[in-house]
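So the structure is just underneath, and the comments pick up after that.
The values are calculated or read from the model by the stated rules, or taken from the named source; none is laboratory data. Just so you know, these numbers come straight off a predicted model, no measurement behind them. Cβ coordinates were reconstructed from backbone atoms using ideal geometry, including for glycine residues, and neighbour counts include every protein chain displayed.
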Amino acid sequence: MPPKEHTWSEIMTEYKMLNHKSIYSMYIGYIISFIFLIIVFYVIYYLMNTHNYEYLEYVKYSMGILIIISLIYIIIAPHIYYHHYRYLVTNEKIDIKRGIIILRRILVPVERIHQVEITKGPINNIFGLADIEITTAGGKVRLEFLDSQDAEQIAELLNEFVRSMIANRGSSIEQQ
């Protein structure tokens with residue numbers, strides 16, 4: 001028996017949440033960024049200290065405050081992003097709701113899609129996650145932290161739709 005082809009209505013009928021593993025992927029990404037920030041702050045502090053910079057104490061306190069704010073953000077942001085992120089893919093549109101402080105809703109008509117690309121970075125790959133980057137005439141949109149199998153399935157369906165749309169345009173041009 002050949003594998004059953006999926007239709008749009010079987011894939012998505014309501015908004016989906018991210019895989020819970022996405023929180024861990026976000027934590028690791030933020031921690032790597034935080035380590036880089038600490039290194040940059042240390043280099044700046046070291047250079048200023050060797051040149052006897054007049055306002056070194058102010059710089060030191062400012063860096064400390066930025067580090068504390070960054071730590072709070074790293075602890076809180078992944079959970080908020082996870083709970084706010086929703087996506088829906090239908091035969092008409094891609095609808096993404098996401099944000100941490102500012103909540104955004106992105107609507108992309110499927111007929112505007114030019115290219116669909118799956119990206120699996122090293123951190124996401126560890127957790128079996130992937131991102132889909134969708135290129136339209138107006139720019140790019142990302143579906144982030146999806147389960148790899150879901151990402152493959154959604155990308156294949158979107159590519160299939162784009163191919164059929166191009167084929168339909170070609171046949172309608174020939175008929176004229």
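Some points to look at:
- Evaluated against (1) closer than 23 Å to Tyr24 by Cα; (2) surrounded by fewer than 13 Cβ atoms within 10 Å (Cβ to Cβ); (3) under 15 Å from the mean Cα position of the chain (by Cα), Phe145 falls short on exactly one condition, (2).
Each row is one residue, and each column tells you yes or no for (1) of a type in the set (Lys, Arg); (2) touching a strand residue (DSSP E or B) at 6+ places or on another chain (Cβ under 8 Å); (3) modelled with pLDDT of 95 or more.
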position: Ile28; (1), (2), (3): no, no, yes
position: Ile31; (1), (2), (3): no, no, yes
position: Tyr61; (1), (2), (3): no, no, no
position: Pro78; (1), (2), (3): no, no, yes
position: Arg86; (1), (2), (3): yes, yes, yes
position: Thr90; (1), (2), (3): no, no, no
position: Lys93; (1), (2), (3): yes, yes, no
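- Any chance Ile123 is assigned to a strand (DSSP E or B) and surrounded by 13 or more Cβ atoms within 10 Å (Cβ to Cβ): no
- Within this structure, Tyr46 fails the test of being surrounded by 15 or more Cβ atoms within 10 Å (Cβ to Cβ) and part of a helix (DSSP H, G or I).
- Qualifying residue in the stretch 65-75 (condition: under 26 Å from the mean Cα position of the chain (by Cα), free of Cβ contacts under 8 Å to residues at least 24 places away in the same chain, within 30 Å of Ile96 (Cα to Cα) and surrounded by 11 or more Cβ atoms within 10 Å (Cβ to Cβ)): yes
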